[in-house]
Amino acid sequence: MIGKIGEAILITGAVLLGATVSAEQAQEAPKMTPEQAAEFEAYQKAGTPGEQHKALAATAGQYTIKSKMWNEPGGPATEETGTVTRSMTLDGRVLVEEFNSTYFGAPFTGHGMQGFNNVTGKYWSTWTDTMSTGIMLSEGKCDAKQACTFTGSYVDPIKKAPVKTRMTSRWATPTTEIFEMYGPGKDGKEMKMMEITYTKL
C-alpha cells in the first residue's frame, strides 16, 4: 500500500499529465474564427468525393487496347495495340491511366489523369506521353452512362502553336469503351484523328 504522500504524488502527476495532454490538444486544434470555419467547410465540400468520382472508380482495372490514327480524312489508318492500367489515387479523387503501346513499331507510353471538380461541376483530364515534354489539358461533361465530351488543347511541335481538340468516349458494352479524338486537318476543318477501343479484362 502506498502512503498518503505517495497517493498525493500520484494524483498530482495525473493532474499535471492531464493538463499537458489538454494543452497539446489545444495546440493541435486551434480555435477557428467564424470566417475560417466557413472557409474550412467550403474546402471540405470541394474536396469530398461524390457520385462522379465513384463512376470514375468503376472504370479502374486492366485493359487491352486497339488504336487507329489518321493523318487525313479518308486516308489509311495506322493501327497499334497495347495495354492500359487504370487506378484511383488521392483517396478516390482522381483516376490515373498508364498507357503502354507502340507507334510505328517504337515503344510508346502515356500518362493520363481524370477527375471531377466539385466547384466547377465539370470533369477534367490531363495527358502527357513519351512523344512530348508538354501536357494536354481538357475539360468536359459526362452523362449518367459515362458518355463524355471534352475539349482541350496542346502545343503542336511542328506549328509551335496551340491546337484545339475535341474528344468523346462512350461505353459500347459494360467492358468496351470507345474513345475518339478530333482536331483540325490540313484544310483547317475538323477531322477524326484517333480512335481507341479499350477492352476491360
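So here's what we get for this one:
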{"quantity": "Residue under evaluation residue 114, criteria (1) over 26 Å from residue 48 (Cβ atoms); (2) of a type outside the set (D, E, K, R); (3) in contact with a Leu (Cβ under 7 Å, 6 or more places away or on another chain), criterion not met", "calculated": "(1)"}
{"quantity": "Residue within region 188-199 that is assigned to a strand (DSSP E or B), among the hydrophobic types (A, V, I, L, M, F, W, C) and more than 21 Å from residue 63 (Cα to Cα) present", "calculated": "yes"}
{"quantity": "Considering residues of region 78-118 that are under 19 Å from residue 193 (Cβ atoms) and hydroxyl-bearing (Ser, Thr, Tyr) only, the residue surrounded by the most Cβ atoms within 10 Å (Cβ to Cβ)", "calculated": "101"}
{"quantity": "Number of positions in region 127-139 that are in a strand (DSSP E or B) and hydrophobic (A, V, I, L, M, F, W, C)", "calculated": "3"}
{"quantity": "Tally of residues being over 30 Å from residue 184 (Cα atoms) and in a loop (DSSP other than H, G, I, E, B) across region 60-86", "calculated": "1"}
{"quantity": "Count of residues meeting criterion [out of contact with any Phe, Trp or Tyr (no Cβ under 8 Å at 6 or more places or on another chain) and part of a strand (DSSP E or B)] in region 114-126", "calculated": "1"}
{"quantity": "Total residues in region 134-174, condition of a type in the set (Lys, Arg) and at pLDDT below 95", "calculated": "3"}
{"quantity": "Residue 75, sole failed condition from (1) under 30 Å from residue 192 (Cα atoms); (2) at pLDDT 90 or above; (3) exposed (fewer than 12 other Cβ atoms within 10 Å of the Cβ)", "calculated": "(2)"}
{"quantity": "Which numbered condition residue 146 fails, given (1) in contact (Cβ under 8 Å) with a residue 60 or more places away in the chain; (2) over 16 Å from the mean Cα position of the chain (by Cα)", "calculated": "(2)"}
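Results for (1) within 18 Å of residue 54 (Cα to Cα); (2) among the polar types (S, T, N, Q); (3) under 16 Å from the mean Cα position of the chain (by Cα), shown as yes or no for each residue.
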residue: 83; (1), (2), (3): no, yes, no
residue: 97; (1), (2), (3): yes, no, yes
residue: 119; (1), (2), (3): yes, no, yes
residue: 124; (1), (2), (3): yes, no, yes
residue: 127; (1), (2), (3): no, no, yes
residue: 158; (1), (2), (3): no, no, no
residue: 162; (1), (2), (3): no, no, no
residue: 176; (1), (2), (3): no, yes, no
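The rows are residues; the columns are (1) in contact with an Asp or Glu (Cβ under 7 Å, 6 or more places away or on another chain); (2) outside any strand (DSSP E or B).
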residue	(1), (2)
97	no, no
100	no, no
141	no, no
154	no, no
159	no, yes
163	yes, no
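The values are calculated or read from the model by the stated rules, or taken from the named source; none is laboratory data. Quantities reported herein were computed from a predicted structural model and do not represent experimental measurements. Positions of Cβ are generated from backbone atoms using ideal geometry, with glycine treated the same way; all protein chains shown enter the neighbour counts.
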